[in-house]
Amino acid sequence: MPELMYREALNQALAEEMERDANVFLIGEEVGRYNGAFKVSQGLLDKFGSARIIDAPISELGFGGMSVGAAMVGLRPVVEMMTWNFAILAMDQIVNNAAKLRHMSGGQLRCPIVFRGPGGAGGRLSSQHSQALESNYAHFPGLKVIAPATPADAKGMLKAAIRDENPVIMFEGERLYALKGEVPEGEHVVPLGKADVKREGTDVTVITWSRMYYFCMQAAEELAKEGISVEVLDLRTLRPLDEEAILASVRKTNRAVIVEEGWALAGIGASVVDIIQSKAFDELDAPVERVTGLDVNMSYAANLENATQPDAPKIIAAVKKVLYRQGA
Amino acid sequence: MEAPAVASPYSKDLLLTMYRKMYLIRRFEERAGQQYTLGKIAGFCHLYIGQEAVAVGPIEAIRKEDYMLSAYRDHGQPLARGSDAGMVMAELFGRGTGYSKGKGGSMHIFDIEHQFYGGYGIVGGQIPLAAGMAFASRYRNEDRVTVCYFGDAAANQGALHETFNMASKWKLPVIYICENNRYGMGTAISRTSAVPEIYKRAAAYDMRGEPVDGMDVLKMYEAVKDAAAWCRAGKGPVLLEANTYRFRGHSMADPATYRSKQEVEEERKGDPIPKLRDYAIKNGLGADADFERIEEEVKAQVDAAVKFADESPEPSLEELWRDTIVEPGEPDVRPRERVLGTKVTNWPSYPSGQELKVTWDLEPREQAELADKKAGLTR
Ligand SMILES: Cc1ncc(C[n+]2csc(CCOP(=O)(O)OP(=O)(O)O)c2C)c(N)n1
Ligand SMILES: [Mg+2]
């Protein structure tokens, strides 16, 4: 299987889907002649022309809403948001229009559209450019929210998102784009709504998604050396949550740690805890632990930035806590 | 009777059709207002009384397949496009037989069969959507225009400015009709706008913009005929500012104390409905008997609509779990088929992604390269 960078996997998915379906177009800032702020759309303008790879003005609300309108009448837009921080300006169109059209029209309209771009901390960019915003969107019925961690999932889930009949919000990661991994060629479609056990284990379940996945894997490696067997469950889709997979894993290990880049209050992890406590309470051997970003704005200074985010040592500490092995 | 100096360019048929539609809206809205006070309709209910010409003139000037959408003051346009009055009223009543099964209410009328793509409750939120629909027509090389209504106060939303810029730059076939009824809720537009003549804002985007007498259905008709031809010729978007007036409050909840009785009385003299009737009679294109017959028929139609709504059941509780997410293979709901069992034949359909050939060059390459060269860049 060929090894690709995360950004190349996305590029492949876009090219394949645009080849397959002329109703698919890509719009966003710098996607065309600049080849993408993060080079996800490299080479696509030359391949598909200016009506299908569209350099938009810096008007997130405007081109976001315009794309929703195009989706209402049969096209399948992919809207690249340079980062999700900027997509906040388009939130009205995503939340009040895209997510509600099917409902307000009583089933007459559908809105097959993908909004995608990087979320999470970019690295030394301070607070306006370093936010994990997925829990905001996961709140809304009418949307699907995905956050793949690996290049293979990035490709397969973007393909599934483009083929989906609903608005899909896709969180990529500035610090994921250059990561490499094996990616199946051609028709590789990963169904939305399905979590994935990325590492099997028996002592504790670590539940995560997107970039935090790599810290979890690192922690699992370290813990294995101490004889602790960690199962890593990559949620991949944040709306709808794969309850079955969450419960199956926790019922096996009886302990859970949830790792989330964003803030704790009203975070996705809070909902995962709720699923576990309400449906598997009797099977828990310890309270569920959460590792989240600290409840502060992100700083520029390297030491403050690092301290704000979850990392492998924090995850290791949380795992030991649910195993009652603190200080061991 | 004296013959008019210049013969009217309009057919009797057209004038009577316009009259029927304006009268239908008027009558429907009067009954809706009455049903609201009886507690049959709840929530926000924004009546269109006084503004009928702004919906009817344009609708007669465009084609059946042209797209249309509006804000929350949205009963008039679908009625004029041919929606079933009973099903619109049922939507206002929150009944399962409404166009959106009672899920949308007064502010969200959708009738896709008649190319009415909705009423939207966020001020200005429909403006980008319209550009996107026009974009799709251009993308598929269709000969279709989109007509989008919004209020005077919506002209101060950023969405409008972002959209006008794109629509003009990409020459999208969209006609924006600003219904300038001089107030956004209780605030006179002149109090909040540096440039209260909305049409002038088009100039900032090198876009065609004109004021129109929105109390004259024939002026609205002519303006939109011309604008539609302009759009279909690929010349880009048009902004029409229809100067109009709402005779009632902002919504049923508004007693409209911010404007004087005198002002309202003065404006009522410009009522577009008798104006059309006078014009037709003066031009020998209709007699009192014609109008009386139309009025009787419309009254009966609206009575039947109220009865239909009143006798309809509420939506079933299972409906709660429908229409949030489209399941794989799930078809779209065709309201008249669902409610009345009528076979709906003109539902919009589009070429598949395998059939479609995109030939549009949105940003011609040579032009872009030329600009680069001028700037001393190489690609
Ligand atoms: C974004 C937003 N802000 C405020 C409101 C509340 N609101 C509803 S209608 C309205 C006035 C709009 O006036 P205008 O655009 O002139 O339309 P009209 O009601 O006169 O037809 C306001 C402030 C809203 N629905 N959406
Ligand atoms: Mg107004």
Output ³J(HN,Hα) for segment A:239-251: one whole-Hz value per residue in order, computed from phi by the Karplus curve 6.51 cos²θ - 1.76 cosθ + 1.60 with θ = phi - 60°, and x for Gly and Pro. 8, x, 6, 7, 4, 4, 5, 4, 5, 4, 5, 5, 5
If the elastic network links every pair of Cα atoms under 10 Å, which of B:T17, B:T324, B:T192 fluctuates the most in the Gaussian network model of chain B? B:T324
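What's the magnitude of the charge dipole for chain A around its Cα centre, counting Lys and Arg as +1 and Asp and Glu as -1 at the beta-carbon? Answer in Debye, nearest 20. If you can, show how the numbers build up before the last one.
Numbers: 34 positive and 43 negative charges, 56 e Å.
Around 280 debye, computed over chain A.
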Could you report the accessible area of A:W263 in Å², rounded to 10, computed with a 1.4 Å probe on the protein chains as they sit in the structure? 80 Å²
Across the alpha-carbon set of chain B, Rg over Rh with Rh taken as the Kirkwood radius works out to 0.99
Of B:Q51, B:L276, B:A154, which is farthest towards the positive pole of segment B:12-347's charge dipole, taken about the Cα centre with +1 and -1 on the beta-carbons of Lys, Arg and Asp, Glu respectively? B:A154
Taking the alpha-carbon set of the protein assembly as shown, what are its Rg and Dmax in Å? 28.5, 108
The aspartates and glutamates whose Cα lies under 17 Å from the Cα of B:K357, excluding any fewer than 8 residues away in the same chain, are A:E16, A:E17, A:E19, A:D21, A:D46, B:E142, B:D143
In whole angstrom, note down how far apart the Cα centers of segment B:211-269 and segment A:179-232 are. 60 Å
Enumerate the amide H contacts of B:I177 below 5 Å, restricted to partners 5 or more residues apart or on another chain; note that Pro and chain-start residues carry no placed amide H. B:C148, B:Y149, B:F150, B:L240
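Placing +1 at every Lys and Arg Cβ and -1 at every Asp and Glu Cβ, with all other atoms neutral, what dipole size does the protein assembly as shown have around its Cα centre, in debye to the nearest 20? List each step's numbers first, then the result.
On the way: 84 positive and 99 negative charges, 134 e Å.
Magnitude of the dipole: close to 640 debye.
Given a 1.4 angstrom probe, I'd like the percentage of the accessible area of segment B:12-347 that is carbon and sulfur, rounded to a whole number. The partial results should precede the final answer.
Details: 6560 of 12950 Å².
Heavy-atom surface of segment B:12-347 belonging to carbon and sulfur, 1.4 Å probe: 51 percent.
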I'd like the accessible area for B:V195, computed on protein heavy atoms only with a 1.4 Å probe and all protein chains in place. Round to 10 Å², please. 60 Å²
Which residue, B:G33, B:A167, B:G286, has the largest displacement toward the positive end of the dipole of segment B:12-347 when charges sit on each Cβ (Lys, Arg +1; Asp, Glu -1)? B:A167
Would you kindly find the accessible area of B:K235, with a 1.4 Å probe and non-protein molecules such as ligands, DNA and RNA excluded, rounding to the nearest 10 Å²? 110 Å²
Over 22 Å (Cα to Cα) - which of B:K40/B:K269; B:K21/B:K343; A:K159/A:K194 fall in this group: B:K40/B:K269; B:K21/B:K343
Among A:E172, A:E260, A:E185, determine the one that fluctuates most according to a GNM of chain A built with springs between C-alpha atoms less than 10 Å apart. A:E185
Can you list the lysines whose alpha carbon sits under 28 Å from that of B:K373, skipping same-chain ones fewer than 8 residues off? A:K39, A:K47, B:K169, B:K171, B:K235
Divide the volume of the convex hull of the Cα atoms of chain A by its number of residues and quote the answer in cubic angstrom per residue. 131 Å³
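Ignoring ligands, DNA and RNA, please state the percent of accessible area on segment A:3-182 from carbon and sulfur, probe 1.4 Å. List each step's numbers first, then the result.
Numbers: 2290 of 4570 Å².
Ligands and nucleic acids excluded, carbon and sulfur reach 50 percent.
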May I ask you to give the average projected area over all directions of the convex hull of the Cα atoms of segment A:196-322, in nm² rounded to one decimal? 7.4 nm²
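If you place +1 on the Cβ of every Lys and Arg, -1 on the Cβ of every Asp and Glu, and leave all else neutral, what size is the dipole of segment B:1-136 about its Cα centre, to the nearest 20 Debye? Intermediate results must be reported in sequence, preceding the final value.
Working: 14 positive and 13 negative charges, 72 e Å.
Dipole about the Cα centre, nearest 20: 340 debye.
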If one builds a Gaussian network model of chain A from Cα atoms under 10 Å apart, the most fluctuating residue listed among A:G106, A:G28, A:G117 is A:G106
List the residues whose amide H sits under 5 Å from the amide H of A:G120, counting only those 5 or more places along or on another chain, with H placed 1.01 Å from N in the peptide plane. A:Q131, A:A132, A:L133
I'd like the orientation of helix A:60-72 relative to chain A: the angle between its Cα long axis and the longest Cα principal axis, in ° from 0 to 90, rounded to 10. 80 degrees
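Run the helix sum for the protein assembly as shown: -39,500 (n - 2.57) per DSSP H stretch of 4+ residues, divided by residue count, reported at 222 nm to the nearest 500 deg cm²/dmol. Walk me through the numbers before you get to the answer.
On the way: 25 runs with 270 residues, N = 707.
That calculation yields -11500 deg cm²/dmol at 222 nm.
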Straight-line reach check, A:K320, cutoff 25 Å on alpha carbons, 8 or more apart in-chain or any other chain, hits among lysines -> A:K198, A:K225, A:K252, A:K279
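Leaving ligands, DNA and RNA out of it, rank A:L45, A:L265 by accessible area with a 1.4 Å probe, largest first. List each step's numbers first, then the result.
On the way: A:L45 15, A:L265 155 Å².
Solvent-accessible surface, decreasing: A:L265, A:L45.
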How much accessible area per residue does segment A:1-90 have, in Å², with a 1.4 Å probe? 28 Å²
Using the Karplus curve 6.51 cos²θ - 1.76 cosθ + 1.60 with θ = phi - 60°, work out ³J(HN,Hα) for each residue of segment A:141-148 in order, rounded to whole Hz, and write x for Gly and Pro. x, x, 10, 10, 10, 10, 8, x
Within 15 Å, Cβ to Cβ, of A:Y214, how many net charges do the neighbouring residues add up to if Lys/Arg are +1 and Asp/Glu are -1? -3
For the Cα atoms of chain A, what angle does the longest principal axis make with the long axis of helix A:312-322, in degrees from 0 to 90, nearest 10? 50 degrees
Of A:Y324, B:Y10, B:W321, which is farthest along the charge dipole of the protein assembly as shown in the positive direction, counting Lys and Arg as +1 and Asp and Glu as -1 at C-beta? B:Y10
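For chain A, what does the relative contact order come out to in percent, with C-alpha contacts under 8 Å and a separation of six or more?
Details: 718 pairs, mean separation 52.1, N = 328.
Relative contact order comes out at 16 percent.
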Based on alpha-carbon centroids, what's the gap between segment B:288-322 and segment B:125-173 in Å, whole number please? 32 Å
From the Cα centre of segment B:93-123 to that of segment A:291-312, the distance in Å is 47 Å
Would you grab the residues whose amide H sits under 5 Å from the one on B:F116? Only those 5+ places off in sequence or on another chain, please, with H modelled 1.01 Å from N. B:D111
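Which whole-number percent gives the relative contact order of chain B, counting Cα pairs below 8 Å spaced six or more residues apart? Please report the intermediate quantities before stating the final value.
Details: 653 pairs, mean separation 84.5, N = 379.
After rounding, I find 22 percent.
The values are calculated or read from the model by the stated rules, or taken from the named source; none is laboratory data. Quick caveat: nothing in here was measured; it's all calculated off a predicted structure. Here Cβ is always computed from backbone atoms with ideal geometry, including for glycine, and neighbour counts include all displayed protein chains. To get the accessible areas, we keep the full protein, side chains included, count just its heavy atoms, and leave off ligands, DNA and RNA. Shrake-Rupley method; radii C 1.70, N 1.55, O 1.52, S 1.80 Å.
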